[in-house]
Amino acid sequence: MSKFKTSTFKKGFTLLEVIISLFVLSLFMHSLMTIYNSYNTIETEIRTDRSADFLHFMTLLELELEKYTVTGVDSNIIRIQSTETNRSSRIINQNNKIYIAPGHQPLLYDVYAWQVFQVANKVSVTVTFNNGQVFSGFISVKLNS
């Protein structure tokens with residue numbers, strides 16, 4: 001009978017070996033979970049970052065304002081006049097979109113608020129997005145003399 005016990009003892013795992021292997025497995029699984037969570041956090045931050053959208057908006061706004069003369073700047077409205085047709089327009093934020101009114105083509109989406117101020121021959125633009133990010137920039141403009 002003692003022969004039976006020793007042969008099974010040598011062929012199987014001891015309790016200590018099982019505990020160590022489960023510990024190593026749990027460390028491996030924990031490190032995989034940490035890597036996965038870090039990746040998800042970084043991916044979410046990249047997807048919600050609006051800096052590229054703001055830079056695109058500033059470039060688009062600067063190109064649009066080359067065709068217009070700025071007649072006035074309020075806290076959230078830029079009043080402009082076309083150099084070709086002398087038609088007056090406004091750049092406004094309405095329904096979470098910034099666009100040139102009259103018109104419906106948005107220049108920027110998902111905007112919570114924006115502030116514009118005139119500083120000499122430049123316009124300071126500060127945009128707050130719905131996710132809380134705030135960006136600022138300056139654009140050189142032609143002023144109505």
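The values are calculated or read from the model by the stated rules, or taken from the named source; none is laboratory data. Only a predicted model underlies this, so the values are computations on that prediction, with no experimental measurement involved. Positions of Cβ are generated from backbone atoms using ideal geometry, with glycine treated the same way; all protein chains shown enter the neighbour counts.
Of everything in the stretch 95-135 that's loosely packed, with under 12 Cβ neighbours inside 10 Å and of a type in the set (S, T, N, Q), which residue is nearest to the chain's Cα centre (by Cα)?
Residue satisfying both the conditions and the ranking: Asn131.
Which residues, taken from the stretch 46-62, are within 11 Å of the chain's Cα centre (by Cα), more than 16 Å from Thr126 (Cβ to Cβ) and part of a helix (DSSP H, G or I)?
Ile46, Arg47, Thr48, Ala52
Considering each of Thr34, Thr71 in turn, give the residue that is touching a strand residue (DSSP E or B) at 6+ places or on another chain (Cβ under 7 Å), over 19 Å from Tyr112 (Cβ atoms) and either outside any helix (DSSP H, G or I) or modelled with pLDDT of 90 or more (or both).
Just one listed residue meets the conditions, Thr71.
Do you know which residues across the stretch 74-83 are surrounded by fewer than 13 Cβ atoms within 10 Å (Cβ to Cβ) and either without any contact (Cβ under 8 Å) to a residue 12 or more places away in the chain or not in a strand (DSSP E or B) (or both)?
Result: Ser75, Thr83.
What number of residues within the stretch 110-145 are in a loop (DSSP other than H, G, I, E, B) and of a type in the set (Ser, Thr, Tyr)? First the steps, then the outcome.
The initial filter retains those residues of the stretch 110-145 that are in a loop (DSSP other than H, G, I, E, B), namely 110, 120-121, 130-133, 141-142, 144-145.
Still in the list and also of a type in the set (Ser, Thr, Tyr): 145.
Final tally of qualifying residues: 1.
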